[in-house]
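A.B. asks: Dropping the structure in here first, questions after.
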Amino acid sequence: MASVHSDLSVSAAASPWGAVALKILVAGGFGAGKTTLVGALSEIRPLRTEEQLSELGRPLDDTSGVEAKRTTTVAMDFGRIDLRPGLALYLFGTPGQDRFWFVWDELAQGALGAVVLADTRRLSDCFPSVDFFEQRGIPFVIAVNCFEGTEAYAPDDVREALDLDPGVPVLLCDARRREDGRELLIQLVEHAAARR
């Protein structure tokens, strides 16, 4: 994570307030791995707002491709990484279902950027996230969460399927692995810095 430390230290050193907190969103479709990624990266016990999926919600919750999923985030996930004294990175995982999207505008305020998790079994589920960040000019990277037993796709194939601008990084990852998550954050910070 040395690259993130050095990239972020520059902006924090220039701050007249001393302590600095940077906000990154983790977005994507239902069941893409947002809660898992925040949990893998957070140095504190992550805050989770998960509820059990219910029979009443079945007509609203499309679980095709993620039939084993039993819970859903209803507000947000929250994690924290201390990069150095006075510099923290806050991770906010957004809810993936459209009925909870009203939360996104609040969460996006002041965000440095976003990691959009993509599940190739349900790739179209990440279109709303991509549209949201493009419309607001928030830098983002696409993180293809490589679930076990699913077909592997090259990043360029995912880029073409999502009709992304050439400059948007597309990376393969396992949301359970902290090392993969750190690489996503490094790529996001570098992408955000390049756009400024």
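A short reminder: the numbers here are calculations on the coordinates, not readings from a lab. Computed from a predicted structure; not experimentally measured. With ideal geometry, Cβ positions are generated from the backbone for all residues, glycine too; neighbour counts draw on all protein chains shown.
A.B. asks: Run the simple label-point estimate for Glu179 and Asp163 please: 7 Å along Cα→C-beta, distance reported in nm.
C.D. replies: 3.8 nm
A.B. asks: Tally Lys/Arg at +1 and Asp/Glu at -1 over every other residue whose Cβ is under 12 Å from the Cβ of Phe140; what's the total? Working shown, then result.
C.D. replies: Working: positive: Arg136, Arg195; negative: Asp131, Glu134, Asp165.
Taking every Cβ under 12 Å from that of Phe140, the sum is -1.
A.B. asks: For Tyr90, what charge total do you get from the other residues with a beta carbon under 14 Å from its beta carbon, if Lys and Arg give +1 and Asp and Glu give -1?
C.D. replies: Working: positive: Lys23, Arg80; negative: Glu43, Asp77, Asp82, Glu106.
Computed value for this residue: -2.
A.B. asks: Quick one: length gained pulling Glu190 to Arg136 fully straight, 0.36 nm per residue minus the C-alpha distance?
C.D. replies: Working: separation 54, 0.36 × 54 = 19.44 nm, distance 1.88 nm.
Using 0.36 nm per residue and subtracting the Cα-Cα distance, I get 17.6 nm.
A.B. asks: Given points 7 Å out from each Cα along the Cα-Cβ axis, report the Asp105 to Asp156 separation in nanometres with one decimal.
C.D. replies: Rounded to a tenth, the inter-label distance reads 4.1 nm.
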